[in-house]
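As structure tokens, the structure follows; a few thoughts come after it.
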Amino acid sequence: MKVSKLCNLRTTMLALFLLTIAVGCGSKGANPFSKSDGQVDENVANLMGLSVGMTKGQVYDLVGIANYMEGYDWGSVWRYKIKKGGKSGTLANKDVESNYMPVVFDNTDRVMGYGQKFYDQTLSDLGTGQF
């Protein structure tokens with residue numbers, strides 16, 4: 001009798017575990033690297049909802065996991081892929097960098113601004129001292 005209850009418990013736990021995995025795979029946070037064209041389209045659509053003052057949590061809920069993250073003395077930057085295809089490599093390559101849109105956060109984890117021009121201006125004004 002106890003063996004039967006133990007088997008039922010194991011089966012139930014396994015089913016819950018598999019359900020958790022299945023639900024998690026459909027969420028925005030499941031794929032940190034948006035290499036598929038569909039994911040890039042979703043990123044572009046979701047990024048249209050950004051606004052200055054949003055928290056990191058709100059940005060994550062809106063767009064999901066960033067493709068690249070950078071840390072600075074004054075805050076941080078999350079980059080999301082916005083162009084299909086393109087070259088692969090590091091962000092030091094300007095052709096690769098142009099495929100990603102930066103979202104710039106201050107040291108209180110709030111959006112200061114976004115876009116390459118804002119990012120470049122912020123680095124010019126506040127410096128590139130990374131931690």
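Each value in this text was obtained by applying a stated rule to the coordinates, not by laboratory testing. Worth saying up front: this structure is predicted, and the values here are computed from it rather than measured. All Cβ positions, even for glycine, are placed from backbone atoms using ideal geometry, and neighbour counts span all protein chains on display.
Modelled spin labels at Thr128 and Lys83, positioned 7 Å past Cα toward Cβ, are 2.0 nm from each other. In this calculation the C-beta distance from Lys56 to Phe118 is compared with R0 = 22 Å, giving a FRET efficiency of 0.85. Here the label points at Arg110 and Met69, each 7 Å from Cα along the C-beta direction, are separated by 2.1 nm in the simple model. The peptide list 55-67, 96-108, 114-126, put in order of mean Cβ contacts within 10 Å with the highest first, becomes 96-108, 55-67, 114-126.
Of all aspartates and glutamates in the structure, those lying under 17 Å Cα to Cα from Lys94, and not within fewer than 8 positions of it along the same chain, are Glu70, Asp120.
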